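See structure below.
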Amino acid sequence: MNQDLPVRPVADDVFVAPQLTPEAMAQAAGAGFRSIINNRPDFEHGPDQPTHAAIEAAARAAGLEYRFLPVAGGYQSPQEIAAFAALLAELPRPILAFCRSGARSTRLYVAAQSS
């Protein structure tokens, strides 16, 4: 995968990253990703954080599937874990999920695998 993107593998075809920008969507597509999952709520860190709508528009323009599944950093509910598992089952791979640091996307992936 593209070294310009700060991605970490959690599986052969699922990766996590810290906050991505709309500009990073073309990079993600160029790196071979087919789907993006945004786990970060809008404005979690204030008004400078890119909105999911801006990221979604850039992702779709780059030919990527995009899903917005915002979850809190400290707790992911069984319903949110089930929703993440459903996205893993439905989206074309490789998948890139992101949040503030990549940690909550990683936790969602691990929990989805064990549910």
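The values are calculated or read from the model by the stated rules, or taken from the named source; none is laboratory data. None of these values were measured; they are calculated from a predicted model. In this analysis, Cβ positions are derived from the backbone assuming ideal geometry, glycine residues included, and neighbour counts consider all displayed protein chains.
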Practice prompt. Filter region 73-102 down to the residues that are loosely packed, with under 13 Cβ neighbours inside 10 Å and either under 17 Å from residue 17 (Cα atoms) or hydroxyl-bearing (Ser, Thr, Tyr) (or both), then identify the one that is modelled with the lowest pLDDT.
Written response: 75
Worksheet entry | region 21-51, residues that are surrounded by fewer than 17 Cβ atoms within 10 Å (Cβ to Cβ), within 23 Å of residue 83 (Cβ to Cβ) and of a type in the set (A, V, I, L, M, F, W, C) | 43
Response to the item:
All conditions in (1) modelled with pLDDT under 95; (2) under 13 Å from residue 97 (Cα atoms) are true of residue 2 except (2)
